[in-house]
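Notes follow the structure.
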Amino acid sequence: MPKKKQSKKAQEQKHVSPLNHSVDDSQDGDKAISRRNNRTKKANKASSSGKLHKDNKHALSETKLAEEAALTAMLFGGGGVGGASSGAWADDDDDDQNDQINDASAWDDKYGNQNSEDDDSDKEEKTADWSSGDLFAIDRSGEDIEEDGADERSDDEHQSNTDSDGDDDESEQEVNKASMQGAAWQDPESDSDSDDSDDDDSDSEERMMKTKKQKGVSLVDGPNRLKKLRRYRDETDPLSLSEYELRLRERFMNTTSVAANTGWADVNQIQQKQEEPKTKRKRGGYGSSSEDDESEDEDYNVATDILESNASLFQHSSSGMQLPPTILDVVRTRDGNLSDPNNSVLSAVQFHPGSDEENPLLMTAGMDKMLRFFRIDGEENPKIHGIHFPTLPITCASFLGDSGSVVMSGRRPFFYVYDAISGNIQKIQSIIGRKERSLEKFTVSPSGDVIAFVGNDGYIILVDGKSRQWIGDLKMNGSVRAITFSEDGEFIMGSGSDGDVYKWNVRSRRCVERFHNEDGTITSALAATSNFLAVGSESGVVNLYTEKYSRTSLYGGSDSGVGLNATERNPLKSIMNLTTSADSLKFSADGQILALSTRRETNGLKLLHVPTQTVFSNWPTSKTPLKYVWSTDFSPGSKYFAVGNDHGKCLLYRLKHYWDE
């Protein structure tokens, strides 16, 4: 009996109609809506996490399913959405289904009349849209469907996924995969479209490569180094590949090849070499002994003419004429560093010894800590390169012989060596064994093998030009003020506060000669050629001596000039055109001109005609804008003369005598 009562009570609860509830119908509607919203949230979470597990399909009890069916009938009316009542609850009893239909009809009789005609029309449209019974709205365009009935459809989708036992796992995986890709359904023709798109991408890449080849290399949009290849500043058009290669070769020939004599980049030389006959490339010339004999006879005749003649050897190879005295044919050209002048005193100016005579390479350095290189052509004089040394105001700079390396020093205990070919910078912190606080003055041998620094306490410090290591010291009385090498590099001369001139042999490091300068004051500058030695003093007097020595004294003398007695030598000429200290002395390439200058007065520059020991009277004049002259130098072949002043300008003059007419 108890069991029958329980079953009867359960049946009474099961067949309770919503109309018999004591609670307000509006509250029941709100609860139903909240439950539906909760189910919608759960359905969204389940769809985002992927495939729904089968175990969750039968988690709801039969009682809960009945309540959900009743709520669905209350909200929507009729037999569910799209046949959901007949498909989703097919396993329930027939009595339960009839009760649900009666409950839904009662709900419609009470609340159906409150809807407006517009709502009825909307409801008919929605019912027509979903009457097909499809559970998913297929989006073929990949866009999200936004309609007023989206919430109802999501609820039906959740019910169909959780309650229908007839769906297979494969269909669920396909639906989830489609939703992850963005569209609910994908057209089979999309595969062919993707293949077409891949072909289009490959075609576009080919077109881009062809366009790049047609456009060439841009000198503006690329790296900053490419801007140096421009012929003028406003050049923005891209270069073809052949023109780009030509510009690179020209750049190399104008920069690196000046210091390193390499002709592999010159196309003309390569073509000429290929066109030469093979017999001419042989070691013995064309292979004919008669031609060798003729060349030997010509060399013998030239040597005989030189020995038999008493003409002066001061002749230029190109013009073949001796430089006339008193009058110098000179023309000012565009400043050497006009494209990038120094911001302070131009303390060092030098032409590269191995550069071209007509288009030499000019190096400038100054107190603005900048080292610059210029290609001198007499018209544009373009800048080639420049480098900044933040910790070194440069007071002295020089090339290491014919190489592309430059030595720089200042009032610092260290010095720099810059390789213009490779671009490497080497800093030598100090000279081992020496404690000089300043290495601001030095000179380099003509071959670049030895660097001689002015040291303290009468010492001349010798440093190897390749290893940058200390190799020896030379000692003299007093303090060292000026040093210079002979033209062949075998000897080094030094002088200082005692007024004596010392000469050492570089190999044996023995003093071979010591003589007293006739002026007797402190020596300030020295310069030497194969035939002459110029000694400048602080009084402004410059004495010119003949450079003669005995070969028997090459390995004689003493270890230093201290114990060697000074001899008396009479100068050929004493030049007294300077009224202040002679700070700089420089011979021309052929030795016919001596430039003497001072830093202590404006326009303090004079040029001496060495063969006649006379000063040129026509130049410089009082109107020549030299200012305070700090450095001077002659180009190879003496075709150019450069003057560096305190305004940072490198004044450039052309000596017309040395140019071919």
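With (1) within 23 Å of Phe351 (Cβ to Cβ); (2) free of Cβ contacts under 8 Å to residues at least 40 places away in the same chain as the list, and Tyr459 as the residue in question, which single condition is left unmet?
Single failed check for Tyr459: (1).
Of the residues that sit in the stretch 640-660 and are assigned to a loop (DSSP other than H, G, I, E, B) and open to solvent by 10 Å² or more (accessible area, probe 1.4 Å), which one is modelled with the lowest pLDDT?
So the first thing to find is which residues in the stretch 640-660 are assigned to a loop (DSSP other than H, G, I, E, B), and the list is 646-649, 659-660.
From what's left, open to solvent by 10 Å² or more (accessible area, probe 1.4 Å): 646-647, 649, 659-660.
Values: Asp646: 95, His647: 95, Lys649: 96, Trp659: 87, Asp660: 65.
For the stretch 640-660, the residue satisfying everything is Asp660.
Scan the stretch 617-661 for residues that are touching a residue at least 60 places away in the same chain (Cβ under 8 Å), basic (Lys, Arg) and out of contact with any Phe, Trp or Tyr (no Cβ under 9 Å at 6 or more places or on another chain) and jot them down.
Those that are touching a residue at least 60 places away in the same chain (Cβ under 8 Å), basic (Lys, Arg) and out of contact with any Phe, Trp or Tyr (no Cβ under 9 Å at 6 or more places or on another chain): Lys649, Lys656.
Among the residues of the stretch 589-603, what is the count of those that are under 16 Å from Tyr658 (Cα atoms) and either assigned to a loop (DSSP other than H, G, I, E, B) or in contact with an Asp or Glu (Cβ under 8 Å, 6 or more places away or on another chain) (or both)? Steps first, answer last, please.
First, the residues of the stretch 589-603 that are under 16 Å from Tyr658 (Cα atoms): 589-594.
Now narrow it down to the ones that are either assigned to a loop (DSSP other than H, G, I, E, B) or in contact with an Asp or Glu (Cβ under 8 Å, 6 or more places away or on another chain) (or both): 589-592.
Matching residues across the stretch 589-603 total 4.
Looking at the stretch 397-425, which of its residues are of a type in the set (A, V, I, L, M), touching a residue at least 40 places away in the same chain (Cβ under 8 Å) and either more than 26 Å from Asp473 (Cβ to Cβ) or part of a loop (DSSP other than H, G, I, E, B) (or both)?
Step one: list which residues in the stretch 397-425 are of a type in the set (A, V, I, L, M), which gives 397, 400, 406-408, 417, 420-421, 425.
Checking the rest, the ones that are also touching a residue at least 40 places away in the same chain (Cβ under 8 Å) come to 397, 400, 406-408, 417, 420-421.
Leu400, Ala420, Ile421 - these are the residues of the stretch 397-425 that are of a type in the set (A, V, I, L, M), touching a residue at least 40 places away in the same chain (Cβ under 8 Å) and either more than 26 Å from Asp473 (Cβ to Cβ) or part of a loop (DSSP other than H, G, I, E, B) (or both).
Would you call Ile461 closer than 28 Å to Asp498 by Cα and part of a strand (DSSP E or B)?
Details: closer than 28 Å to Asp498 by Cα: yes; part of a strand (DSSP E or B): yes.
Answer is yes for this residue.
For the stretch 406-425, name all the residues that are of a type in the set (S, T, N, Q) and at pLDDT below 95.
Filtering the stretch 406-425 for residues of a type in the set (S, T, N, Q) gives 409, 422, 424.
Within the stretch 406-425, Ser422, Asn424 meet the criteria.
Would you check if Asp335 is in a loop (DSSP other than H, G, I, E, B), acidic (Asp, Glu) and over 23 Å from Gly591 (Cα atoms)? Talk me through it step by step, then tell me what you get.
On the way: in a loop (DSSP other than H, G, I, E, B): yes; acidic (Asp, Glu): yes; over 23 Å from Gly591 (Cα atoms): yes.
Judged against the criteria, Asp335 is a match.
Which one is nearest to Phe442 (Cα to Cα) among residues in the stretch 455-509 that are among the small types (Gly, Ala, Ser) and touching an Asp or Glu at 6+ places or on another chain (Cβ under 8 Å)?
Taking the stretch 455-509 and keeping what is among the small types (Gly, Ala, Ser), we get 455, 458, 465, 467, 472, 478-479, 482, 486, 489, 494-497, 499, 508.
Those still in the list that are touching an Asp or Glu at 6+ places or on another chain (Cβ under 8 Å) too: 455, 465, 478-479, 486, 489, 499.
Values: Gly455: 9, Gly465: 12, Gly478: 18, Ser479: 14, Ser486: 15, Gly489: 15, Gly499: 19 Å.
Per the stated criteria, the residue is Gly455.
Identify the residue in the stretch 426-454 that is basic (Lys, Arg) and not in a strand (DSSP E or B) and, among all such residues, is least open to solvent (accessible area, probe 1.4 Å).
Here is the first cut: in the stretch 426-454, the residues basic (Lys, Arg) are 427, 434-435, 437, 441.
Of the ones still in play, those that are also not in a strand (DSSP E or B) are 434-435, 437, 441.
Details: Arg434: 53, Lys435: 188, Arg437: 204, Lys441: 86 Å².
The extreme case among them is Arg434.
The values are calculated or read from the model by the stated rules, or taken from the named source; none is laboratory data. The structure displayed is predicted, hence computed values, not measured ones. Cβ atoms come from the backbone with ideal geometry, glycine included; neighbour counts cover every protein chain shown. Calculation scope for accessible area: heavy atoms of the full protein, side chains included, ligands and nucleic acids excluded. Shrake-Rupley method; radii C 1.70, N 1.55, O 1.52, S 1.80 Å.
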